[in-house]
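To keep things clear, I will list the structure first and then write my remarks on it.
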Amino acid sequence: MTTDLPAEYEISADSARIDAALVHQWLSQDAYWARDRSREKQDRAIAGSLNFGVYERASGRQVGYARVVTDKADFAWLCDVYISPQVRGKGIGTALVTAVRDHLAPYDLRRILLATADAHEIYAKIGFAPLEEPERWMALGRQ
């Protein structure tokens with residue numbers, strides 16, 4: 001995958017490379033949207049999604065994660081985007097989301113949605129914008 005990722009990192013869509021224990025630790029302990037998510041639930045989420053990891057080339061250590069829920073025809077939901085605090089500020093998050101966007105491009109999806117409380121500027125750089133008609137959208141479940 002080609003992005004403006006620093007040379008010492010690589011992005012992969014190979015789910016077999018995902019460190020599920022590390023992803024669970026990151027999300028359940030540090031991510032406001034997934035705090036206290038059980039390991040069993042996280043493992044099911046990984047199994048049912050397209051998964052993307054960011055890795056240090058030298059060590060293979062995972063430093064970032066994103067997943068996508070999609071029908072690969074019309075719709076996708078980008079979620080659980082997380083970059084390890086130790087490597088934030090290097091453009092890795094922007095590169096990861098760009099790689100996800102580019103990976104999904106051949107599907108010619110009508111819409112890719114995401115929700116964020118604090119990273120609007122990162123997603124805007126990649127082309128995401130607020131919904132024009134949010135009053136049309138509804139949700140079922142916890143808010």
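The values are calculated or read from the model by the stated rules, or taken from the named source; none is laboratory data. Bear in mind that the values here come from a model prediction, so they are computed numbers and not experimental data. Note: ideal-geometry Cβ built from the backbone for every residue, glycine included; neighbour counts use all protein chains shown. Surface areas here come from the heavy atoms of the whole protein model, side chains and all, with no ligands, DNA or RNA. Shrake-Rupley method; radii C 1.70, N 1.55, O 1.52, S 1.80 Å.
Measuring with a 1.4 angstrom probe and ignoring ligands and nucleic acids, residue 44 comes out at about 130 Å² accessible. Surface listing: 72, 125 arranged by accessible area from highest to lowest gives 125, 72, probe 1.4 Å. For the chain, the solvent-accessible area works out to 61 Å² per residue, with a probe of 1.4 Å and every protein chain left in place. On segment 21-143, 52 percent of the accessible area sits on carbon and sulfur atoms, based on a 1.4 Å probe. Here's the list of lysines a cross-link from residue 90 could span, going by alpha-carbon distance under 28 Å and ignoring same-chain residues fewer than 8 apart: 125. Its relative contact order, with pairs defined as Cα atoms under 8 Å and 6+ residues apart, puts segment 41-116 at 28 percent. Suppose we look only past 23 Å in the calculated P(r) of the chain. What percent of the Cα-Cα pairs does that tail hold? So the portion of pairs separated by more than 23 Å is 33 percent. DSSP assigns beta bridges within the chain; of those with both partners inside it, close to 85 percent run antiparallel.
For the peptides 126-133, 61-68, the ranking by packing is 61-68, 126-133, with the highest mean count of neighbouring Cβ atoms within 10 Å listed first. Computed on the chain, with alpha-carbon pairs under 8 angstrom and 6+ residues apart, the relative contact order is 22 percent.
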